[in-house]
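**Q** First, the structure itself, so that you have it in front of you.
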Amino acid sequence: MTQGFRIGAREDGDRPLRRDAALNRERILRAAREVFGQRGLGVTLDDIAHHAGVGVGTVYRRFPTKEALVRALFEQDLAIRQASAERALAHPDPWEGLVGFLVEMSADLAENRGLHEVVMLGSHSSGPIESARQGMLPLLESLISRAQDSGQ
């Protein structure tokens, strides 16, 4: 599952990034997604810089801490998982909705070690990530209850 990143995307400030800075940010995010996905969150920002083909100083300019980089990647991933759970709740067949969600989520967790660590282990948790994780619980409870109530 690859997510696109917009060139010229704003960082935390009001001004859009210069084109070269935006390209570097995109390279860093792509590299982080690949490295975290393959090796988990134990990698260093040096590892990510090397994989992105940029200097570690460039990584630190865009993401002052590893947690900031993790947050930038996985807040979006968790929002995607919430949307998936909401689609499953809207499925006309409660059992099919639950199974479809579990299959999709299991595949994502199996192929992305970093996502697994964030979702299942609470690694590198921050306020926004923890809120997103906690937001999943009522959705999961509803999916399970809905399937149980249907008698399936």
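We did not get these values from a lab; they are worked out from the coordinates using the rules stated. Everything numeric here is computed off the predicted structure, so don't read it as measured data. Methodologically, a virtual Cβ is constructed for each residue, glycine included, from the backbone with ideal geometry; neighbour enumeration extends over all protein chains shown.
**Q** Could you pull out the trypsin sites (Lys or Arg not before Pro) across region 36-132 that fall in loop regions by DSSP (anything but H, G, I, E, B) with no more than 11 other Cβ atoms inside 10 Å?
**A** Taking region 36-132 and a limit of 11 other Cβ atoms within 10 Å, no loop trypsin sites (Lys or Arg not before Pro) are found.
**Q** Want the number for residue 44 to residue 89: 0.36 nm per residue separation, take away the alpha-carbon distance, what's left?
**A** That pair, residue 44 and residue 89, stretches by 12.4 nm at full extension.
**Q** Could I ask something else about it? Quick one: 70, 54, 99, fewest Cβ neighbours within 10 Å first, how do they rank?
**A** Ranking 70, 54, 99 by Cβ neighbours within 10 Å, fewest first, gives 99, 54, 70.
**Q** Amide H neighbours of residue 40 under 5 Å, at least 5 residues apart or on other chains, H built in the peptide plane: list them.
**A** Sorted by chain and number, the residues that satisfy this are 113, 114.
**Q** Also, quick follow-up: Report the relative contact order of region 23-152, percent, no decimals, based on alpha-carbon pairs under 8 angstrom and at least 6 residues apart.
**A** For region 23-152, the relative contact order is 30 percent.
**Q** Report ³J(HN,Hα) in whole Hz for each residue of region 114-120, in order, from the Karplus equation J = 6.51 cos²θ - 1.76 cosθ + 1.60 where θ = phi - 60°; Gly and Pro get x.
**A** So the J values, rounded to whole Hz, are x, 4, 4, 5, 6, 6, 8.
**Q** Among 23, 73, which comes first, then next, by fewest other beta-carbon atoms within 10 Å?
**A** 23, 73
**Q** Note down the net charge around residue 111, summing +1 for each Lys or Arg and -1 for each Asp or Glu among other residues with Cβ under 14 Å from its Cβ.
**A** Spelling it out: positives minus negatives among the neighbours equals -1.
**Q** Separate question: How large is ³J(HN,Hα), in whole Hz, for each residue of region 28-38 in order, when computed from phi with the Karplus curve 6.51 cos²θ - 1.76 cosθ + 1.60 and θ = phi - 60°, using x for Gly and Pro?
**A** The phi angles translate into 5, 5, 4, 4, 4, 4, 5, 5, 4, x, 7 Hz.
**Q** Enumerate the calculated ³J(HN,Hα) couplings along region 47-55 in order (Karplus 6.51 cos²θ - 1.76 cosθ + 1.60, θ = phi - 60°), each rounded to whole Hz, writing x wherever the residue is Gly or Pro.
**A** Values per residue, Gly and Pro as x: 4, 5, 4, 4, 5, 7, x, 10, x Hz.
**Q** With labels modelled as points extended 7 Å from the Cα through the Cβ direction, what inter-label distance (nm, one decimal) is found for residue 149 paired with residue 75?
**A** Those two pseudo-labels are separated by 3.3 nm.
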